[in-house]
Every structure is written in C-alpha cells, then in structure tokens.
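Colleague: Got a structure for you, written out below as structure tokens; questions coming shortly.
The values are calculated or read from the model by the stated rules, or taken from the named source; none is laboratory data. Keep in mind that what you see is a predicted model, and the values were worked out from it rather than measured. For neighbour counting, all protein chains shown are included, and Cβ atoms are generated from backbone atoms with ideal geometry for every residue, glycine included. The protein model used for the area step is the full one, side chains on, heavy atoms only, and it has no ligands, DNA or RNA in it. Shrake-Rupley method; radii C 1.70, N 1.55, O 1.52, S 1.80 Å.
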Amino acid sequence: MDLHTVDQVLVPATRTDLPGPSTGVGFIGGGTWLYSEPQPHLSTLVDLAGFGWEPLTVTEHGLEIAATCTIEELCRSELVAQFRAQQLFRDCADALLASWKVLRHATVGGNIALSFPAGAMTTMAVTLDGELTVWRPGSGEYRVAVKDFVTGNGTNALGVGDIIRCITLPTRSLLARTALRKLAQTSLGRSAVVVAGRKDVAGFTLSITAATRRPHVLRFDAHPSASELADALRVIPADCYFTDVHGSAPWRESMTALLAEEVREELT
C-alpha cells in the first residue's frame with residue numbers, strides 16, 4: 001500500500017532524535033499492518049529499527065523482548081533449556097495464522113500495539129504475566145502489565161508519542177508448563193477464541209483472548225476443579241464477548257468454556 005500522505009521517514013538512533021508527539025507521526029516496527037491499508041492521518045514515519053535494540057536478552061529477572069523483535073526471531077530463539085514456556089511462543093504464532101513473510105517482519109511490540117482481540121503476541125504476553133516498558137515523549141517511561149495495556153478492540157493505554165520499548169517476561173512464568181487452544185469458524189480463518197493456560201509454583205493462570213474485546217485473566221492459587229473454573233468464567237460479563245463475521249458472542253462464550261476446560265485438563 002502506497003502511503004501517499006507521508007512526506008518524510010525518520011530513522012532515529014537515540015531518543016533525542018525522535019520528533020515531538022503528534023497524531024501525524026507513526027512508528028514502524030515491521031510495518032506489516034501499517035502498509036496494509038491507507039493511513040491518511042500520517043505525514044511522518046519513524047523507523048524504530050534505527051535504535052538497534054537487541055531482540056532478546058535473558059536477565060536475572062527473566063526475558064526482555066525488544067519491541068522490534070520479530071515474531072520469527074522470538075519463535076526461533078534458543079533460550080535457557082529450563083524455560084518450558086518457550087513452546088507458547090510458537091503456539092501463539094501459529095494462532096496468528098500469518099504467512100512466513102508476515103512472521104519474518106511483524107514485530108512482537110507491533111502486534112501488541114495493534115491491540116486486536118486476536119493479537120497472538122498479546123495472548124503470549126498476557127498468559128506469561130508480561131509487562132511493557134513504554135517510553136514517553138522526552139525522557140520519561142512507565143511500566144504496565146499487558147493485560148491492563150489493552151483496553152478494547154484496537155484500543156490501548158498508549159498516549160500520543162508513546163513508544164513500546166520492550167516486553168518483560170518473569171522467570172517464574174518462563175519455567176511454567178503451558179497449554180493453548182484456538183478455535184476459528186474456518187480452518188484458515190482468524191482466531192475467534194483463544195484460551196491459554198499456565199501452571200507454576202504460584203498456581204494456575206488462564207487467559208481469554210480473541211473472544212473478548214480485551215484480555216481477561218483468571219488466577220487460582222491451586223489447580224481448579226471443573227466447577228471452580230466454570231464459576232470463574234461466569235464472572236466475565238456476557239457483554240465482554242462480541243459478535244463479528246468470525247463468530248457470535250454467545251458462540252464465543254460457549255466455546256471459551258469448552259476450550260478452558262481442555263486447557264485445565266491438559267495442565268492437571
């Protein structure tokens with residue numbers, strides 16, 4: 001897609017090279033969505049690749065994923081062998097159902113920034129208790145849990161000029177066992193329901209995405225019974241599920257319960 005309203009592309013190397021906050025400035029990670037449809041409100045693009053961020057860094061606290069790390073880089077990474085949750089990276093990427101071209105260029109930060117219900121990297125980060133470090137215009141920054149960052153279908157907590165710097169996953173989550181279930185109306189269709197679970201020393205965590213406008217996370221101190229899980233799912237308001245061409249709200253709610261029970265059983 002030709003972005004005919006864009007008249008300059010900036011490649012900053014430091015934060016001082018960034019332009020001032022403006023609704024006419026767009027930030028490029030991989031650009032796979034940005035160039036997929038017209039962006040008439042943009043006049044300037046800022047290519048974040050110029051910062052040269054290390055894609056993946058294992059720290060004493062867990063894993064730091066640069067916002068510009070591609071989904072392919074994440075899935076092909078060879079991290080600490082004890083990080084059993086690495087399997088979830090590939091499981092979520094498969095749920096994205098993207099071509100190899102998209103997976104090679106689309107970034108983890110970009111996928112989360114889009115904040116679509118079926119955002120595969122949102123599912124991954126929410127399930128593993130991921131946190132974002134976000135640069136504010138100037139020199140400030142803040143941290144926010146991914147489950148709180150996404151506020152609705154395509155909406156999030158980013159302000160004008162804010163940039164996702166990295167996603168941090170804690171060690172305890174990376175050591176956990178995980179499981180994922182995805183459902184779509186057609187074999188090659190967009191995810192309509194995605195349920196992922198994590199079991200670690202702190203208990204059992206279940207995330208619901210794709211079926212709801214924003215992520216929902218259920219936590220249990222111990223592995224729940226089928227009835228306990230069903231009761232917890234009923235706490236999610238019915239109007240949080242939505243209807244579109246990929247499925248009706250009642251169908252999504254029913255399938256979420258079905259897949260959640262499968263995840264619970266797998267991680268028993």
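Colleague: Out of all the residues in the stretch 96-104, is one or more part of a helix (DSSP H, G or I), within 20 Å of A196 (Cα to Cα) and modelled with pLDDT under 95?
Modeller: Quick first cut of the stretch 96-104, residues part of a helix (DSSP H, G or I) only: 96, 100-104.
Restricting the remaining residues to those that are within 20 Å of A196 (Cα to Cα) gives 96.
Remaining after also requiring modelled with pLDDT under 95: 96.
There is at least one residue in the stretch 96-104 that is part of a helix (DSSP H, G or I), within 20 Å of A196 (Cα to Cα) and modelled with pLDDT under 95.
Colleague: Might you check whether a residue that is surrounded by fewer than 19 Cβ atoms within 10 Å (Cβ to Cβ), free of Cβ contacts under 8 Å to residues at least 40 places away in the same chain and part of a helix (DSSP H, G or I) occurs anywhere in the stretch 105-124?
Modeller: no
Colleague: Go through the stretch 223-251 residue by residue and tally those that are assigned to a helix (DSSP H, G or I), in contact with a Leu (Cβ under 9 Å, 6 or more places away or on another chain) and of a type outside the set (A, V, I, L, M). Break it down stepwise before answering.
Modeller: Of all residues in the stretch 223-251, those assigned to a helix (DSSP H, G or I) come to 226-233, 238-240, 249-251.
Adding the requirement that they be in contact with a Leu (Cβ under 9 Å, 6 or more places away or on another chain) leaves 229, 232-233.
Those still in the list that are of a type outside the set (A, V, I, L, M) too: none.
Final tally of qualifying residues: 0.
Colleague: Please verify whether A184 is closer than 18 Å to A95 by Cβ, crowded, with 23+ Cβ neighbours inside 10 Å and in contact (Cβ under 8 Å) with a residue 24 or more places away in the chain, treating the condition exactly as stated. Show your work before the answer.
Modeller: Values: closer than 18 Å to A95 by Cβ: yes; crowded, with 23+ Cβ neighbours inside 10 Å: no; in contact (Cβ under 8 Å) with a residue 24 or more places away in the chain: yes.
When the stated conditions are applied, A184 does not pass them.
Colleague: Return yes when R90 is open to solvent by 30 Å² or more (accessible area, probe 1.4 Å) and under 15 Å from the mean Cα position of the chain (by Cα) and no when it is not. Before the answer, list the steps.
Modeller: Values: open to solvent by 30 Å² or more (accessible area, probe 1.4 Å): yes; under 15 Å from the mean Cα position of the chain (by Cα): yes.
Taking the combined requirement at face value, the residue satisfies it.
Colleague: So, one more: Can you name the condition, by its number, that G138 falls short on among (1) within 26 Å of V263 (Cα to Cα); (2) surrounded by fewer than 15 Cβ atoms within 10 Å (Cβ to Cβ)?
Modeller: (1)
Colleague: Pairs under 7 Å by beta carbon, first residue more than 14 Å from G110 (Cα to Cα) in the stretch 28-57, partner open to solvent by 60 Å² or more (accessible area, probe 1.4 Å) and in a loop (DSSP other than H, G, I, E, B), six or more apart or different chains?
Modeller: E37/M1; P38/M1; H41/T23; S43/D7; G50/V11; G50/A13; F51/A13
Colleague: Does L63 satisfy the condition of being outside any helix (DSSP H, G or I), in contact with a helix residue (DSSP H, G or I) (Cβ under 7 Å, 6 or more places away or on another chain) and either open to solvent by 10 Å² or more (accessible area, probe 1.4 Å) or under 27 Å from I208 (Cα atoms) (or both)?
Modeller: Numbers: outside any helix (DSSP H, G or I): yes; in contact with a helix residue (DSSP H, G or I) (Cβ under 7 Å, 6 or more places away or on another chain): yes; either open to solvent by 10 Å² or more (accessible area, probe 1.4 Å) or under 27 Å from I208 (Cα atoms) (or both): yes.
It is true that L63 is outside any helix (DSSP H, G or I), in contact with a helix residue (DSSP H, G or I) (Cβ under 7 Å, 6 or more places away or on another chain) and either open to solvent by 10 Å² or more (accessible area, probe 1.4 Å) or under 27 Å from I208 (Cα atoms) (or both).
Colleague: Still on this structure: Go through (1) surrounded by fewer than 20 Cβ atoms within 10 Å (Cβ to Cβ); (2) assigned to a loop (DSSP other than H, G, I, E, B) one by one and return the number of the condition D129 breaks.
Modeller: Checking D129 against (1) surrounded by fewer than 20 Cβ atoms within 10 Å (Cβ to Cβ); (2) assigned to a loop (DSSP other than H, G, I, E, B), the one that fails is (1).
Colleague: Then there is this: I'm checking my understanding of the structure. Among residues of the stretch 207-244 that are touching a residue at least 12 places away in the same chain (Cβ under 8 Å) and farther than 23 Å from M124 by Cα, which one is surrounded by the fewest Cβ atoms within 10 Å (Cβ to Cβ)?
Modeller: Result: A238.
Colleague: If a residue must be in contact with a helix residue (DSSP H, G or I) (Cβ under 8 Å, 6 or more places away or on another chain) and either open to solvent by 10 Å² or more (accessible area, probe 1.4 Å) or not small (G, A, S) (or both), how many such residues does the stretch 187-206 contain?
Modeller: Summing the residues that are in contact with a helix residue (DSSP H, G or I) (Cβ under 8 Å, 6 or more places away or on another chain) and either open to solvent by 10 Å² or more (accessible area, probe 1.4 Å) or not small (G, A, S) (or both) in the stretch 187-206 gives 10.
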